[in-house]
1. Please arrange VAL84, VAL108 by counting, for each residue, the other beta carbons lying within 10 Å of its beta carbon, fewest first.
2. Quick one: if the Förster radius is 22 Å, what FRET efficiency do THR116 and LEU28 give, using the C-beta to C-beta distance and rounding to 0.05?
3. May I ask for the net charge around GLY46, where only other residues with Cβ less than 10 Å from the Cβ of GLY46 are counted and Lys, Arg are +1 while Asp, Glu are -1?
4. Using the 10 angstrom Cβ neighbour count as an exposure proxy, how do ILE122, ILE44 rank, fewest first?
Amino acid sequence: MVIAPAFGRAGEGLTFDGLYKSFGVRGLEFSERLLALRGKPVSIDGYMAPPLKAESRFFVLTREPVALCPFCQSDAEWPDDILVIYLKGVAPMVSAGEKVRVEGWLEVGSWTDPETGFVSQIRIVDAAFRRA
C-alpha cells in the first residue's frame, strides 16, 4: 500500500551501513558512495521514529525501531544512524515497529529547517514512503 505518491523511480538503494566511511577525531565522515549520490533519486528501508504528530511532512528514519520520540526526550540518546525524510505532502505516519521503504532525492550536508530549527546532515526530500 502506497502511503504518499511516489515520484516514479526508486533510484539507487542506500543502507545505513553505507552512509559513513569512518568515525574519527573529526567525527563522522560521509562515504564516497553517499557523496556520489547527492542530488540523485535514492531508496532506503528503515523505521519511523515516533513522530511529533500523527500527520506530518517530515519524520526521522532509523535503522532499528525506537520507542521514544527523540524530539520529546531532552536526555534521550539520539541514534547516529538516522536520516531526516521530508515528504512531498502531509501523510499519516505508521507504527514505529513497521518497516517502511522511502524514495526521494538525496541531500547531504548540514542544513537547518527554518520551520522547526531541526539540524540534519543527511536528508531525503520530495519523498514518498510505503510499508516495506
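Derivation of every value follows stated rules applied to the coordinates shown; laboratory data play no part. In this text the structure is predicted, and so the values were computed from the model without any measurement. For neighbour counting, all protein chains shown are included, and Cβ atoms are generated from backbone atoms with ideal geometry for every residue, glycine included.
1. Details: VAL84 22, VAL108 17.
In order of increasing Cβ crowding within 10 Å: VAL108, VAL84.
2. Details: r = 22 Å, r/R0 = 1.00.
Given R0 = 22 Å and the Cβ-Cβ separation, E is 0.50.
3. Details: positive: ARG63, LYS99, ARG101; negative: ASP45, GLU64, ASP81.
Here the count lands on 0.
4. Numbers: ILE122 22, ILE44 27.
Ascending number of Cβ neighbours within 10 Å: ILE122, ILE44.
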